[in-house]
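Q: My questions will all concern the structure given below.
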Amino acid sequence: MLDFTPDGAGVPLSVRSERGLLYGELALLPASPGLVVLARAAAEEDGGRQLAGQFRRAGLSTFAVELVARQEGRFPDVHHHVPLLARRLTDFLGLLRNRMLMRELREQPVGLFAADAAAPAAVRAAALRDHDIAVVVCRGGLVDLAGTLYLRSLQSPLLLLVEENDERRVAGNRRALEKISCRKELKIIPAIGSDDALSAGGAVCLYEAVEWFNAGFAERGNNPGNRSWTCP
């Protein structure tokens, strides 16, 4: 059983898509309360690895996955194809679940973190695999693009983090939350800018996400079949 990876080093995993392999990097910590799946629909790589490293420094295991194949980077429409991205994310989640069932990985709560174009895909995937997903955090993005059916059926506690200067997404996500019946919260954070690590908004985003994950993982870990949850 793979319980941790030395020094938080990543183990490469992949799933097949219509246009080639999609890649992920799994990094496990021995005392982590849960595993954060970071879903990305962007072509750049360094930003995702940097954020995964920040979550690990906060004590959380990570599985950073790319939902767009490298050869698809030149097709802008792929990055906003919610059904396609959600299906690919569920494939990665299925890979994790199978590894846990086969005892290749330690059984543990799983959460989703997604930003921008990947956010509605993460909400849809969580609605489809609600028994597997303990908690969801989305930064930016418009989660109403997940579709009304998926918003109404979502059971995983959802935190939305939106930058204070993004009035369109603040308004859109507030409307989306009216369709969601599970535990949910929208928080306005300072502007992040181009470098998460150096901005006040990036620090607030990380803090709020880690708090939400820890609360959700603790509840799922203590009561595996119980979805009632309150955030500290």
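Q: Among what's in the stretch 92-130 and is outside any helix (DSSP H, G or I) and either of a type in the set (Phe, Trp, Tyr) or in contact with a Lys or Arg (Cβ under 6 Å, 6 or more places away or on another chain) (or both), pick the residue that is farthest from residue 218 (Cα to Cα).
A: Ranking the qualifying residues of the stretch 92-130, first place goes to 115.
Q: Let me ask something else about it. Which residue is modelled with the lowest pLDDT, if the candidates are limited to the stretch 53-73 and must be part of a loop (DSSP other than H, G, I, E, B) and more than 22 Å from residue 203 (Cβ to Cβ)?
A: Per the stated criteria, the residue is 73.
Residue by residue, here is whether (1) at pLDDT below 95; (2) within 25 Å of residue 50 (Cβ to Cβ); (3) in a helix (DSSP H, G or I) holds:
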| residue | (1), (2), (3) |
| --- | --- |
| 132 | yes, no, no |
| 192 | yes, yes, no |
| 202 | yes, yes, yes |
| 208 | no, yes, yes |
| 211 | no, yes, yes |
| 221 | yes, no, yes |
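Q: Taking the stretch 87-112 only, how many residues are surrounded by fewer than 17 Cβ atoms within 10 Å (Cβ to Cβ) and in contact with a helix residue (DSSP H, G or I) (Cβ under 8 Å, 6 or more places away or on another chain)?
A: 2
Q: Then there is this: For residue 50, are the conditions met, namely being of a type in the set (S, T, N, Q), surrounded by 16 or more Cβ atoms within 10 Å (Cβ to Cβ) and at pLDDT 85 or above?
A: Taking the combined requirement at face value, the residue does not satisfy it.
Q: Then there's this: Tell me, which residue of the stretch 17-29 that is in a strand (DSSP E or B) and at pLDDT 90 or above is farthest from residue 63 (Cα to Cα)?
A: It comes out as 22.
Q: In addition: Return the residues of the stretch 137-161 that are out of contact with any Leu (no Cβ under 8 Å at 6 or more places or on another chain), under 16 Å from residue 172 (Cα atoms) and assigned to a loop (DSSP other than H, G, I, E, B); say none if nothing qualifies.
A: Within the stretch 137-161, 141, 142, 147 meet the criteria.
Q: Another question, then. Among the residues of the stretch 162-187, which ones are surrounded by fewer than 18 Cβ atoms within 10 Å (Cβ to Cβ), at pLDDT below 95 and either among the acidic types (Asp, Glu) or assigned to a strand (DSSP E or B) (or both)?
A: 164, 166, 167 - these are the residues of the stretch 162-187 that are surrounded by fewer than 18 Cβ atoms within 10 Å (Cβ to Cβ), at pLDDT below 95 and either among the acidic types (Asp, Glu) or assigned to a strand (DSSP E or B) (or both).
The values are calculated or read from the model by the stated rules, or taken from the named source; none is laboratory data. None of the values given here were measured: they were computed from a predicted structure. When we count neighbours, we look across all protein chains shown, and the Cβ atoms used for this are built from the backbone with ideal geometry, even at glycine.
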